[in-house]
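A.B. asks: Structure below; questions to follow.
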Amino acid sequence: METGVLPSQRLREAISNEWLHAGQWRIPAQAVQPASVDLRLGEHAWALRCSFLPDSRSTVEEKVQDLAFERIDLRDGATLERDRPYLVPLIERLRLPERLRAKANPKSSTGRLDVFTRVLTDRSHRFDEIAAGYDGALYLEVVPRTFAIRVKTGLALNQVRLISGDARLSDEQLLALHGECSLLYVDCGPIPAAELSLADGLFLSLDVSGTAERIVGYRAKKNSLPIDLTRERGALRWQEFWEPVHPEQGARIVLEPEAFYLLLSAEGVSVPPCYAAEMLAYDPTAGELRTHYAGFFDPGFGYSRERDARGARAALEVRARDVSFMVEHRQPVCKLAFERMAGEPDVLYGEELGSSYQHQQTMLSKHFLEHVAGVAQ
């Protein structure tokens with residue numbers, strides 16, 4: 001098997017081979033993305049008194065016996081409270097061959113609502129990383145941070161990709177790829193290779209420039225009503241859940257401690273067809289700042305075969321810890337790691353899939369898109 005992340009056509013083969021299966025359920029065609037498969041919530045959730053770290057000596061359900069205090073039926077929908085950890089058995093299961101491992105990520109809309117999620121597997125001491133040859137159930141820990149959320153069986157909050165070998169690109173390989181096909185753009189032009197900031201990935205910076213009237217981000221309101229994730233796209237008024245953020249003089253903003261912000265990268269990101277990218281955590285030694293790092297970028301994100309696109313800006317989910325924290329225009333806040341695909345997907349992220357964030361000019365999730373106006377351009 002060729003090294004890399006399995007593309008969409010190979011993922012369909014994996015489903016046909018039951019490397020990824022759903023028991024009595026069917027995995028719908030629309031669950032298969034260019035480099036990942038959506039994972040759906042099962043029929044119930046356990047409310048937990050605390051989160052926990054998996055280990056190699058026990059199954060997830062053995063751990064849950066001591067920590068769960070309520071079993072919640074999700075079939076007709078249920079509301080999950082803020083700052084309460086929940087554990088949900090997922091519909092999908094894995095039966096991986098020995099040469100294939102898996103990795104899970106939150107979907108973009110999940111991170112943009114400040115819903116913290118991570119996948120657990122039996123007899124493993126790691127979150128989201130699934131060992132080669134794993135045969136068993138998948139579980140999702142869900143912690144709504146800012147908003148209570150309403151969910152139901154079949155809703156997808158996470159996605160999984162299947163990987164053969166070490167597909168990660170080194171900084172030298174990233175520079176070579178950028179020379180062939182620009183990965184980052186700013187001010188409608190590719191960033192010169194000499195100006196790229198690399199350290200096990202490409203750094204992205206903030207866009208907080210402009211006049212005092214310009215909206216450069218959104219701050220989540222406290223004590224909002226629950227967000228119903230089962231409703232159709234664009235069904236919610238953003239003004240009921242978010243406050244606009246405007247830049248101060250000097251192209252900067254000050255983050256309030258523990259408030260949740262959605263901002264945009266200054267750079268446009270372009271992911272070529274034979275690659276995928278993942279947003280990594282910001283280095284905590286750089287200050288009391290944390291990015292949610294929900295992002296996984298499918299092949300084709302911000303890309304155009306005619307080379308007339310200039311990338312799509314990344315939504316950045318940011319929270320200051322303990323104290324107020326100033327961030328400035330073009331300040332690095334996260335980085336992208338690129339992975340090689342095991343083949344070009346037969347469908348790319350973008351208009352072909354009706355992708356929600358291909359040419360995004362707003363950082364709000366798709367639940368609010370129909371109502372956004374006056375956002376950063």
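A.B. asks: When you check Pro89 against the structure, is it farther than 22 Å from Leu120 by Cβ and touching a Gly at 6+ places or on another chain (Cβ under 8 Å), yes or no?
C.D. replies: Numbers: farther than 22 Å from Leu120 by Cβ: no; touching a Gly at 6+ places or on another chain (Cβ under 8 Å): yes.
No, not satisfied.
A.B. asks: Okay, next question. Give me the pairs: first residue in region 10-39 and closer than 18 Å to Pro89 by Cα and modelled with pLDDT under 95, second residue hydroxyl-bearing (Ser, Thr, Tyr) and surrounded by fewer than 22 Cβ atoms within 10 Å (Cβ to Cβ), beta-carbon distance under 9 Å, and six or more apart or on different chains, which are they?
C.D. replies: Close Cβ pairs satisfying both conditions: none exist.
A.B. asks: Are any residues in region 214-227 more than 19 Å from the chain's Cα centre (by Cα) and over 30 Å from Glu328 (Cα atoms), and if so, which ones?
C.D. replies: Residues satisfying the conditions are Leu225, Pro226.
A.B. asks: Being touching a residue at least 60 places away in the same chain (Cβ under 8 Å), of a type outside the set (Gly, Ala, Ser) and either assigned by TED's automatic domain parsing to the domain that holds Ser365 or under 27 Å from Arg145 (Cβ atoms) (or both) narrows it down to one residue among Asn223, Asn158; which is it? Please lay out each step first, then the result.
C.D. replies: Working: Asn223 fails: touching a residue at least 60 places away in the same chain (Cβ under 8 Å).
Asn158 is the lone residue from the list that is touching a residue at least 60 places away in the same chain (Cβ under 8 Å), of a type outside the set (Gly, Ala, Ser) and either assigned by TED's automatic domain parsing to the domain that holds Ser365 or under 27 Å from Arg145 (Cβ atoms) (or both).
A.B. asks: Can you pull out every residue in region 51-73 that is within 23 Å of the chain's Cα centre (by Cα) and not aromatic (Phe, Trp, Tyr)?
C.D. replies: Step one: list which residues in region 51-73 are within 23 Å of the chain's Cα centre (by Cα), which gives 51-54.
Correct list: Ser51, Leu53, Pro54.
A.B. asks: With a cut-off of at least 3 residues that are more than 27 Å from Tyr261 (Cα to Cα) and outside the structural domain of Phe301 (by TED's automatic domain parsing), name the helices (runs of 4 or more DSSP H) lying wholly within region 1-120. Can you show your working first?
C.D. replies: Numbers: elements: 8-16, 60-67, 108-112.
Hits in region 1-120: 8-16, 60-67.
A.B. asks: Using the structure shown, decide if Pro247 is at negative phi and modelled with pLDDT of 75 or more. Steps first, answer last, please.
C.D. replies: Working: at negative phi: yes; modelled with pLDDT of 75 or more: yes.
Answer is yes for this residue.
A.B. asks: Moving on. Could you check region 152-169 and list, in sequence order, the residues that are within 24 Å of His44 (Cβ to Cβ), over 18 Å from the mean Cα position of the chain (by Cα) and either crowded, with 18+ Cβ neighbours inside 10 Å or of a type in the set (Ser, Thr, Tyr) (or both)? Please lay out each step first, then the result.
C.D. replies: First, pick out the residues of region 152-169 that are within 24 Å of His44 (Cβ to Cβ): 152-160.
Checking the rest, the ones that are also over 18 Å from the mean Cα position of the chain (by Cα) come to 152-154.
The one that is within 24 Å of His44 (Cβ to Cβ), over 18 Å from the mean Cα position of the chain (by Cα) and either crowded, with 18+ Cβ neighbours inside 10 Å or of a type in the set (Ser, Thr, Tyr) (or both): Thr153.
A.B. asks: Among the candidates Phe127, Phe69, Phe52, single out the residue that is touching a helix residue (DSSP H, G or I) at 6+ places or on another chain (Cβ under 7 Å) and either among the hydrophobic types (A, V, I, L, M, F, W, C) or closer than 23 Å to Gln9 by Cβ (or both). Don't jump to the end; show me each part of the working.
C.D. replies: Working: Phe127 fails: touching a helix residue (DSSP H, G or I) at 6+ places or on another chain (Cβ under 7 Å); Phe69 fails: touching a helix residue (DSSP H, G or I) at 6+ places or on another chain (Cβ under 7 Å).
So the residue among Phe127, Phe69, Phe52 that is touching a helix residue (DSSP H, G or I) at 6+ places or on another chain (Cβ under 7 Å) and either among the hydrophobic types (A, V, I, L, M, F, W, C) or closer than 23 Å to Gln9 by Cβ (or both) is Phe52.
A.B. asks: Please go through region 121-130 and pick out each residue that is surrounded by fewer than 19 Cβ atoms within 10 Å (Cβ to Cβ) and in a strand (DSSP E or B).
C.D. replies: Glu129
A.B. asks: Look through Leu48, Leu138 and report the one residue that is touching a residue at least 24 places away in the same chain (Cβ under 8 Å) and under 23 Å from the mean Cα position of the chain (by Cα).
C.D. replies: Details: Leu48 fails: under 23 Å from the mean Cα position of the chain (by Cα).
So the residue among Leu48, Leu138 that is touching a residue at least 24 places away in the same chain (Cβ under 8 Å) and under 23 Å from the mean Cα position of the chain (by Cα) is Leu138.
A.B. asks: Any idea which residue in region 147-190 is farthest from Lys221 (Cα to Cα), counting only those that are among the β-branched types (Val, Ile, Thr) and at pLDDT 95 or above?
C.D. replies: Of all residues in region 147-190, those among the β-branched types (Val, Ile, Thr) come to 149, 151, 153, 160, 163, 186.
Now restrict to residues that are at pLDDT 95 or above: 149, 151, 153, 160, 163.
On the way: Ile149: 14, Val151: 20, Thr153: 28, Val160: 31, Ile163: 39 Å.
Ranking the candidates gives Ile163 first.
A.B. asks: Can you confirm whether Ala104 is of a type in the set (Gly, Ala, Ser) and crowded, with 18+ Cβ neighbours inside 10 Å?
C.D. replies: Numbers: of a type in the set (Gly, Ala, Ser): yes; crowded, with 18+ Cβ neighbours inside 10 Å: yes.
It is true that Ala104 is of a type in the set (Gly, Ala, Ser) and crowded, with 18+ Cβ neighbours inside 10 Å.
A.B. asks: While we're looking at this one, here's another question. Considering only residues that are farther than 28 Å from Ala176 by Cβ and out of contact with any Leu (no Cβ under 7 Å at 6 or more places or on another chain), look in region 322-351 and name the one that is modelled with the lowest pLDDT.
C.D. replies: Glu351
A.B. asks: Follow-up. Go through region 184-201 and give me each residue that's surrounded by 12 or more Cβ atoms within 10 Å (Cβ to Cβ) and either hydroxyl-bearing (Ser, Thr, Tyr) or over 27 Å from Leu100 (Cβ atoms) (or both).
C.D. replies: Within region 184-201, Leu184, Tyr185, Val186, Pro190, Ile191, Ala193, Leu196, Ser197, Leu198 meet the criteria.
A.B. asks: Further question: Can you go through Arg112, Arg126, Arg84, Arg118 and tell me which one is within 21 Å of the chain's Cα centre (by Cα) and free of Cβ contacts under 8 Å to residues at least 60 places away in the same chain?
C.D. replies: Working: Arg112 fails: free of Cβ contacts under 8 Å to residues at least 60 places away in the same chain; Arg126 fails: free of Cβ contacts under 8 Å to residues at least 60 places away in the same chain; Arg84 fails: free of Cβ contacts under 8 Å to residues at least 60 places away in the same chain.
Of Arg112, Arg126, Arg84, Arg118, the one residue that is within 21 Å of the chain's Cα centre (by Cα) and free of Cβ contacts under 8 Å to residues at least 60 places away in the same chain is Arg118.
The values are calculated or read from the model by the stated rules, or taken from the named source; none is laboratory data. Everything quoted here is computed from the prediction, not taken from an experiment. In this analysis, Cβ positions are derived from the backbone assuming ideal geometry, glycine residues included, and neighbour counts consider all displayed protein chains.
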